[in-house]
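Shown next, in structure tokens, is the structure this report addresses.
The values are calculated or read from the model by the stated rules, or taken from the named source; none is laboratory data. Keep in mind the model is a prediction, meaning the values are calculated, not measured. Cβ placement follows ideal geometry from the backbone for every residue including glycine, while neighbour counts extend to all protein chains displayed. For accessibility, only protein heavy atoms count, side chains too; no ligands or nucleic acids. Shrake-Rupley method; radii C 1.70, N 1.55, O 1.52, S 1.80 Å.
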Amino acid sequence: MSGKPIEGRTTTASEEGVVVPHIGRRANSFAAVRSWWPVAKGVGPMLAELARDKDRGLLGYKSLLGGVREVYLVQYWESKEKLLAYAAAPDKNRRPARAAFNRRLREGKGKVGFWHETYVVPAGSHESIYMNMPEFGLGKATGVVPAGRRGDRAADRLRIS
């Protein structure tokens with residue numbers, strides 16, 4: 001993690017809705033580098049493409065390790081419409097990368113695992129707290145403010161009475 005810690009308690013600046021896909025891969029066989037390495041390196045060009053075109057809707061992302069076998073990516077998108085539009089765009093990196101990815105998964109015969117979950121979070125239905133942390137996760141994607149600005153309790157930030 002990089003960045004200078006922000007002293008005290010902060011929370012996500014945005015109260016807007018957000019779409020949060022989690023995408024991961026698992027090396028079921030470490031020896032099968034030819035099966036999992038192309039899957040792993042296919043993500044970089046898509047993220048670079050999205051970073052160059054902010055209007056596509058990707059707010060930010062974080063790569064994480066889930067032990068020695070698993071790598072996953074948490075993304076933050078403005079809307080499900082923008083996420084789905086990018087996923088279907090014939091002129092962007094995702095479609096050929098996905099085709100190659102699916103081919104590798106089939107050819108690998110179980111040597112690489114894959115999972116994908118997407119959460120559509122309406123406005124007012126997420127909250128965060130960061131203590132003595134640099135901007136992180138959704139806070140890095142949308143900015144942070146002092147926690148008291150949005151409420152001192154999770155229930156305040158969630159707009160729950």
P(r) over all Cα-Cα pairs of the stretch 5-161, 5 Å bins from 0 to the longest distance, whole percent per bin, short to long, reads 2, 9, 15, 18, 17, 14, 11, 7, 5, 2, 0
With R₀ set to 41 angstrom, the calculated FRET efficiency between the beta-carbons of ASN102 and LEU158, to the nearest 0.05, is 0.60
Taking protein heavy atoms only, a 1.4 Å probe, and rounding to whole percent, the accessible area of the stretch 1-154 owed to carbon and sulfur comes out at 55
Accessible-area order for PHE114, PHE101, PHE136, largest to smallest, probe 1.4 angstrom, reads PHE114, PHE136, PHE101
For the stretch 28-161, the charge dipole (Cβ of Lys, Arg +1; Cβ of Asp, Glu -1; about the Cα centre) points to a positive end, and the Cα of VAL112, GLY57, LEU138 closest to that extreme belongs to VAL112
Trypsin sites (Lys or Arg not before Pro) in the stretch 2-36 lying in a DSSP loop, each with at most 15 other Cβ atoms within 10 Å of its Cβ, come to none
Per-residue accessible area, 1.4 Å probe, largest first, puts HIS22, HIS126, HIS116 in the order HIS116, HIS22, HIS126
Quick calc, the chain, dipole around Cα centre from Cβ unit charges on Lys, Arg (+) and Asp, Glu (-), nearest 20 debye, gives 820
Relative contact order of the chain (C-alpha contacts under 8 Å, at least 6 apart) in percent is 44
Those trypsin sites (Lys or Arg not before Pro) from the stretch 88-161 that are DSSP loop and have at most 16 other Cβ neighbours within 10 Å turn out to be LYS109, ARG153, ARG159
In Å², rounded to a whole number, the accessible area per residue of the stretch 13-111 with probe 1.4 Å is 60
Cα-Cα longer than 20 Å, checked against LYS4/LYS140; LYS4/LYS54; LYS41/LYS80, kept in input order, equals LYS4/LYS54; LYS41/LYS80
As straight-line cross-link partners of LYS111, the qualifying aspartates and glutamates (C-alpha separation under 15 Å, not fewer than 8 residues apart within one chain) are GLU70
Sorted largest first, the C-alpha extents of the stretch 59-129 along its principal axes in whole angstrom are 44, 35, 15
